[in-house]
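Heads up, the thing below is written out as structure tokens.
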There are 2 protein chains.
Amino acid sequence: MVSSRNLSRVTNRQLIIQQLFNHSQTSRVELARILKLNKSTVSSIYNELNKSGLIKSLGLGESTNSGGRRPHLITLNKQYGWVACFDIGGYGLRSLVTYLNGEMIQVAEKSLDTINVRELLKEIDRMMENFLASDDTDHGLLGIGFSVHGVVYENKIQSTPFFDFKSIDLQKYFEDRYHVPVILENEANAVAVFEHDFGRENNVDDLITISIHAGLGVGIIVDGDLYRGYRGQAGEIGRQLVHRRGDTTASLVKVESLCSEKAILDRFRQIKHRPNYQLKQLYLLYQRGDTDTVNLIDNAITVLTTTIYNAVVSYGPQVVYLNSPLMESIPDIFRKVHHRLIDLNMNVPIYEIRGSRYPSLLGTSSLIIHHVLGMENYSLKFKWPKEVNHID
Amino acid sequence: MVSSRNLSRVTNRQLIIQQLFNHSQTSRVELARILKLNKSTVSSIYNELNKSGLIKSLGLGESTNSGGRRPHLITLNKQYGWVACFDIGGYGLRSLVTYLNGEMIQVAEKSLDTINVRELLKEIDRMMENFLASDDTDHGLLGIGFSVHGVVYENKIQSTPFFDFKSIDLQKYFEDRYHVPVILENEANAVAVFEHDFGRENNVDDLITISIHAGLGVGIIVDGDLYRGYRGQAGEIGRQLVHRRGDTTASLVKVESLCSEKAILDRFRQIKHRPNYQLKQLYLLYQRGDTDTVNLIDNAITVLTTTIYNAVVSYGPQVVYLNSPLMESIPDIFRKVHHRLIDLNMNVPIYEIRGSRYPSLLGTSSLIIHHVLGMENYSLKFKWPKEVNHID
DNA sequence: TATTAGTTTATATAAACAACTAACTTACGA
DNA sequence: TCGTAAGTTAGTTGTTTATATAAACTAATA
């Protein structure tokens, strides 16, 4: 517990954990120098952390040219434990297991077309059993995180288009079952956390990620922290109202009805009278120059461009990331949106996130690891996984 | 200086100052009970603050029915010093002097139509001399704050439509001149700070204020803190691009070109061929039902409605405030916008700020007082001044 | 006499400090 | 080439200092 008494102790321990986390190796003197703490203070906290098993020794380092004792190199013990993360969306269920440092251990995926919540819970439990069976860490499972395509507030799902979660409190269910902390977060927010915590540049503390799936959502990082809004309602930009270009009536439509992946696919199926067409067919017909399809995509590009532009003037981010399976399928879309934005003199860099299966899971991993370590208010930097790529 | 050593002392002192600030009277035991500190800890810090003159005694309070010694009531000594605030806009210059607790002492105003920066500085200095002459506080001037109609970043004006500030660093100029801290803030942000810190409900920590003047800007409070965006660029929603209703071309226009006060007045003067018409004439012709004028206003109402709606889904605030001399002149506008928003099922309460001369100045006063007291990260609640009213 | 406000004194925690040991490099003389 | 002294750096140990808490006190009330 943090009382007034041991406030500085807790703070100093957090600073040391942060330093351990963010640097692949360090030593006691280095900690003292960087954190401006006395060597004895560092030693005292080091002993505490070491006793709890959070520190791993890396042997001796090199001494300087002018001599001196060699430092004992140390690092965070990633084998201390593991966390599980799940992404729940329209497509089904994806999961990821990472060590305490966010390093991927394994992934799993299960598509669920028509499912009820019981089915989903059973599938999650099956995955958890597998994960628990292959555990090779010191203290085992430390926490579970969920990324949800819907509005989340205080670890409760407020609304989601996919399942009926009114009947079940996911957090309570899994906390009771596995006796570890469980957190829930909105998918777009999780992706934003991923970009911030796994980002290659360390100094980007104001960014937005735009997720284009069934709807259109923004994840917002402000000054390094997630901006959720009142009751988690911030960033629902898909619900913005616009006049359709050339529409002479007074009618307003939601932007996501014009440019979300779902809206585009629905319209495509309708135009082509093929209820089973997928992204693949959309890509093929677009490639072939099919007029209807090209018009459909061009229109979406127009709407997307202004929506992104407007998000930038609204949120004032340093960087924008787009997270969209649609754009991964049809690379032309991002290319054209990008060019249009440059034509509009938008001088904020914009990137596409590739490997869009992992970002929300990794962001969730970061969130639960922050929580497990009691480091909610500290920036922890994670290593970029090879499976995820950036394109600009 | 905050070192690891005296961290808890600094924190506890801040907690006590916060409590003193936010409650018109308190006592040492009460501080100890509320802050969960030992009575002796409170006494120790009390003595420190008392020696520095920050505390004023209010005599003895009442003892309980069951007896016991009467408490010595204390309060923050508002007479400790004063701060000066200036609002610089297209209309000219407004200023406000407050005590350390944000209580108004005096105001001044000077309209400047065609001015250069030198003129402006001279006018500010003149006002400052008057303020200094009538000073009745213990330690005199403590700080100066500026509210600027333009983008501000790290106390520097990045851009403003009104003056050429490239040549002058206001902060440095006045810090050198008066040897007190000087801060600059964007006007919409200052209004947002005003609504948060002077707000009647204490628990609204997510709100936006929409300022409608020459342009259209949003001030955003997230979790009790100002959200400025990268280089202060957040909230420039006037620069959002939209299709004009019924426009069959592909052209996009800035929303502020359709619904800002300046845009409306400009168009009004153009339609009526009267370059000197002001808000008064606009109001009169609107009242008389002049077709051109009614259409102009109706169109602005339409654009304002969707812009506010879109801001709400983007930022997810708990409350929205509108700050607009235009709406103060023509109350119909707010009434209609409000009704339209209800028709759109926007369930976030929206209020109009009346007395729009003071909010930005009072918000700036809060900012500089926070700074002077070293309380940047603490919420200080100010008393609502009688001159400012809310309408919903 | 019981109760509450506030102070004083003693004690505990933890950070800083100073002085130590440990372990290294370099320089230099035999 | 070896040995050793001098200098350097890492990390520990004992001491001091700041500060929060606890307990025992005084003061003032119903």
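The values are calculated or read from the model by the stated rules, or taken from the named source; none is laboratory data. These numbers come from a predicted model, not from an experiment. Using ideal geometry, Cβ is built from the backbone for each residue, glycine included, and neighbour counts are taken over all protein chains shown. These area figures cover heavy atoms from the full protein model, side chains too; ligands, DNA and RNA do not enter into them. Shrake-Rupley method; radii C 1.70, N 1.55, O 1.52, S 1.80 Å.
Side notes on the structure shown:
- The separation of the stretch A:264-324 from the stretch A:141-205, counted between C-alpha centres, amounts to 27 Å.
- For the stretch A:200-213, 3J(HN,Hα) per residue [Karplus equation, 6.51 cos²θ - 1.76 cosθ + 1.60, θ = phi - 60°, Hz, x = Gly/Pro]: 6, 7, 7, 9, 8, 10, 10, 8, 10, 10, 10, 9, 10, 10
- Buried solvent-accessible surface, both chains (B, A), 1.4 Å probe, Å² to nearest 100: 3300 Å²
- Placed amide H near A:SER159: partners under 5 Å, 5+ positions off or other chain: A:VAL151
- Amide hydrogen neighbours beyond the local backbone of A:TRP82, cut-off 5 Å, H modeled: A:GLY140, A:LEU141, A:LEU142
- Shielding by partners - mean other protein chain Cβ count within 10 Å, residues of A:243-254: 4
- DSSP beta bridges confined to chain A are antiparallel in about 65 percent of cases.
- Using a 7 Å Cα-to-Cβ projection, A:THR64 label spacings across copies, nm, ascending: 6.2
- Computed with the Debye formula from one identical point scatterer per Cα of chain B, without solvent, the log10 of I(q)/I(0) at q = 0.06 Å⁻¹ comes to -0.28.
- For chain A, relative contact order (Cα pairs under 8 Å, six or more residues apart, normalised by length) works out to 16 percent.
- Legend: calculated FRET efficiency, B:ASN22 to B:GLN270, from the Cβ-Cβ distance at R0 = 60 Å, rounded to 0.05, equals 0.75.
- Each Lys and Arg adds +1 at its Cβ and each Asp and Glu adds -1 at its Cβ; summed about the Cα centre, chain B shows a dipole of about 560 debye.
- Copies compared at A:HIS139 - label distances in nm, ascending, label defined 7 Å from Cα in the Cβ direction: 4.5
- Estimated FRET transfer efficiency (A:THR75, A:ASN116; beta-carbon r; R0 51 Å; 0.05): 0.70
- Taking the DSSP bridge list for the protein assembly as shown and keeping only pairs wholly inside it, about 65 percent are antiparallel.
- The angle between the Cα long axis of helix B:39-52 and the main principal axis of chain B comes to about 70°, on a 0 to 90 degree scale.
- Taking a ≥ b ≥ c as the square roots of the eigenvalues of the alpha carbon gyration tensor, the stretch B:198-353 is prolate, as a/c is not under 1.5 and a/b beats b/c.
- The stretch A:200-353, relative contact order in percent, only Cα pairs under 8 angstrom and at least six apart counted: 25 percent
- Virtual spin-label span in nm between B:THR137 and B:LYS280, 7 Å along Cα→Cβ: 3.7 nm
- Between the alpha-carbon centres of the stretch A:59-93 and the stretch A:20-53 there is a gap of 14 Å.
- Percent carbon-and-sulfur accessible area, the stretch A:200-353, ignoring ligands, DNA and RNA, probe 1.4 Å: 44 percent
- Length-normalised contact order for the stretch A:7-76 - Cα pairs under 8 Å, 6+ apart - percent: 35 percent
- Compared with the dominant principal axis of the Cα atoms in chain B, helix B:359-372 is inclined by about 30°.
- Annotation: extensible slack from B:SER329 through B:ASP223 equals 34.9 nm (criterion: 0.36 nm per residue apart, minus Cα-Cα distance).
- Theoretical FRET efficiency, 1/(1+(r/R0)^6), r = Cβ-Cβ of A:LEU58 and A:HIS179, R0 30 Å, to 0.05: 0.40
- Residues whose placed amide H lies under 5 Å from that of A:LEU322, excluding near-sequence neighbours: A:ILE210, A:TYR351, A:GLU352, A:ILE353
- Each peptide among A:328-341, B:176-189, A:100-113 gets the average number of other Cβ atoms lying within 10 Å of its residues, and from highest to lowest they stand as B:176-189, A:328-341, A:100-113.
- Using θ = phi - 60° and Karplus 6.51 cos²θ - 1.76 cosθ + 1.60, couplings along the stretch A:307-313 (whole Hz; Gly, Pro as x): 4, 5, 4, 5, 5, 5, 5
- Taking 0.36 nm per residue of separation and subtracting the Cα-Cα distance, full extension of the segment from A:ASP343 to A:TRP384 would add 11.6 nm.
- Across the copies of the chain, A:ASP298 has label points (7 Å from Cα along Cα→Cβ) spaced 3.5 nm apart, shortest distance listed first.
- Per residue, the accessible area of the protein assembly as shown comes to 46 Å², computed with a 1.4 Å probe over protein heavy atoms only.
- Loop-located trypsin sites (Lys or Arg not before Pro) across the stretch A:1-83 with a Cβ neighbour count of 16 or fewer within 10 Å are A:ARG5, A:LYS36, A:ARG69, with loop assigned by DSSP.
- Of the beta bridges in the stretch B:110-188, as assigned by DSSP with both residues counted there, near 40 percent are antiparallel.
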